[in-house]
Amino acid sequence: MAFQYINRNEHLPATASEISDRFNAHDAWEMTDSERLALIGLLAKLRPECAIEIGIYRAGSLSSLSRYCKKVYALDIDPTCESQFRGKFQNVEFVTGDSKQTLPQVLAKIEASQESLGLVLIDADHSREGIQHDIDSILRYTPSAPLYIVMHDSFNPECRKGIKEANWSISPHVHLVELDFVAGRFLTKEEPESYKQMWCGFGLAILLPEKRNGNVIVHENESLLYQTTLRHSVYGSDNWWNPTYLARELKYRAKCLLRRRAPGFYETLRRKWGTK
Ligand SMILES: C[S@@+](CC[C@H](N)C(=O)[O-])C[C@H]1O[C@@H](n2cnc3c(N)ncnc32)[C@H](O)[C@@H]1O
């Protein structure tokens, strides 16, 4: 992650020593400054009664969610997140497990208790299928208040595909989908292991209690930036005429089709072969 000037307490460095501190220590919040500001701005404006974070890691973004929301459900597959941060945030309920299973359970609980869900931050399984699964789970929920879905890493090609291919039209409550609410990053040599990879960026979807008229349009405010970057990135060979890519793409599409059309059979195969 590039330098982040705003610290996890949302403090802007004001002295020379605070600025040099920011250069010497990374606070392990996995978001850029523009993303932090956007998230804090949304939270401060919305003040959600209830929110969900999928992907805790070192509780960077969770610290802001906890500050602005009355109640937060924090989900992570890694049990050490819960043991590390339980007790540090009074209004956070930790849920450990794969979000494919835990998210539908949490949403059912929120629906049953009539809590007003105002924001979901998705930043967990970054595979195309993983993010799509998280979004599809949320789309089965009927919002009782405006619901903002913030999707991290929408600039990453796999995540972006997952967001684009989610079943947005299944929910009549979806009124807006924007892949580039905040634009992402093209990583430089300063992060040699990730050089020329594309990460970060916020996608945003807004669901309302009232039903929409017409179809859902998935907007891409920064499509030119995305396409140009993609051509120069490590993912540049992801083209239909590349046989490796084509084979991967066909396998993925067959899997999705099976999951949608025959979920029982898909689950049996998944358990048998241990595929994700
Ligand atoms: C990028 S980090 C989250 C960073 C955090 N939102 C922040 O900015 O401070 C991703 C987290 O998602 C978790 N994760 C990955 N796959 C998951 C899954 N299938 N279900 C739940 N959590 C998952 C990882 O354990 C990791 O802690």
Please work out which residue is surrounded by the fewest Cβ atoms within 10 Å (Cβ to Cβ), limiting yourself to segment 190-201 and to residues that are charged (D, E, K, R) and part of a loop (DSSP other than H, G, I, E, B).
190
Test of understanding: among 230, 204, which residue is open to solvent by less than 80 Å² (accessible area, probe 1.4 Å), touching a residue at least 60 places away in the same chain (Cβ under 8 Å) and within 24 Å of the chain's Cα centre (by Cα)?
230
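Residue by residue, here is whether (1) outside any strand (DSSP E or B); (2) of a type in the set (A, V, I, L, M, F, W, C); (3) farther than 22 Å from residue 209 by Cα; (4) touching a helix residue (DSSP H, G or I) at 6+ places or on another chain (Cβ under 9 Å) holds:
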| site | (1), (2), (3), (4) |
| --- | --- |
| 120 | no, yes, no, yes |
| 126 | yes, no, yes, yes |
| 141 | yes, no, no, yes |
| 149 | no, yes, no, yes |
From the list 58, 67, exactly one residue is open to solvent by 60 Å² or more (accessible area, probe 1.4 Å), out of contact with any strand residue (DSSP E or B) (no Cβ under 8 Å at 6 or more places or on another chain) and within 9 Å of the ligand (Cβ to nearest atom). Which is it?
58
Give me the residue from segment 100-139 that is over 17 Å from the mean Cα position of the chain (by Cα) and free of Cβ contacts under 8 Å to residues at least 40 places away in the same chain and, out of that set, farthest from the ligand (Cβ to nearest atom).
114
How about segment 215-239: which of its residues are of a type in the set (S, T, N, Q) and assigned to a loop (DSSP other than H, G, I, E, B)?
215, 221, 233, 237, 239
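On the given criteria, is residue 92 in contact with a Lys or Arg (Cβ under 9 Å, 6 or more places away or on another chain), of a type in the set (A, V, I, L, M), farther than 24 Å from residue 168 by Cβ and open to solvent by less than 50 Å² (accessible area, probe 1.4 Å)?
Answer is yes for this residue.
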Looking only at segment 14-39, how many residues end up being open to solvent by less than 60 Å² (accessible area, probe 1.4 Å), in contact (Cβ under 8 Å) with a residue 60 or more places away in the chain and within 12 Å of the ligand (Cβ to nearest atom)?
4
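The values are calculated or read from the model by the stated rules, or taken from the named source; none is laboratory data. Because the structure is predicted, anything quoted here is derived from the model rather than measured. Reconstructed Cβ throughout: ideal geometry from the backbone, glycine too, with neighbour counts over all protein chains shown. The protein model used for the area step is the full one, side chains on, heavy atoms only, and it has no ligands, DNA or RNA in it. Shrake-Rupley method; radii C 1.70, N 1.55, O 1.52, S 1.80 Å.
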